[in-house]
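Taken together, the values in this text are just the output of simple stated rules run on the coordinates, not laboratory data. It should be emphasised that the depicted structure is a prediction, and the values quoted were computed from it without experimental measurement. Cβ sites come from the backbone with ideal geometry, for glycine too, and all protein chains shown count toward neighbours.
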Amino acid sequence: MSQIISLPRTAEDTLWAVVASVGRRNRVAEIFSNRAAALADRAWREQQVQAYLGFLKSCEHPPPRYSVAPVRRTDLPRGWKPLPALGFLRGRFI
């Protein structure tokens, strides 16, 4: 019984995540079931950051960078919640 059994991945196991990065910190901003939706959300978030770039600089906060990556549902933290477009919530950055 020491054999390793490889279970096939299901389609719903892999999701597409929009990942926000500030410095060395990374956080999953949003998840989607397909890559096209994740790319559209990343473009929207980048547009929001550009629109508020002056505000972010005046607050001396670095703007977040966004990328898209595959993620498994099991890799998400238990209390995960979507991240606002500018990368901070209640005055605290990611």
Q | Cα-projected label distance for Q50 with S67, points at 7 Å along beta-carbon direction, nm | A | 2.1 nm
(Q) Taking loop as defined by DSSP and a crowding limit of 15 other beta carbons within 10 Å, which GluC sites (Glu not before Pro) in the stretch 12-90 fit? (A) E12, E60
Q: For the stretch 14-43, state which trypsin sites (Lys or Arg not before Pro) are in a DSSP loop and have at most 11 other beta carbons lying within 10 Å of their beta carbon.
A: R24
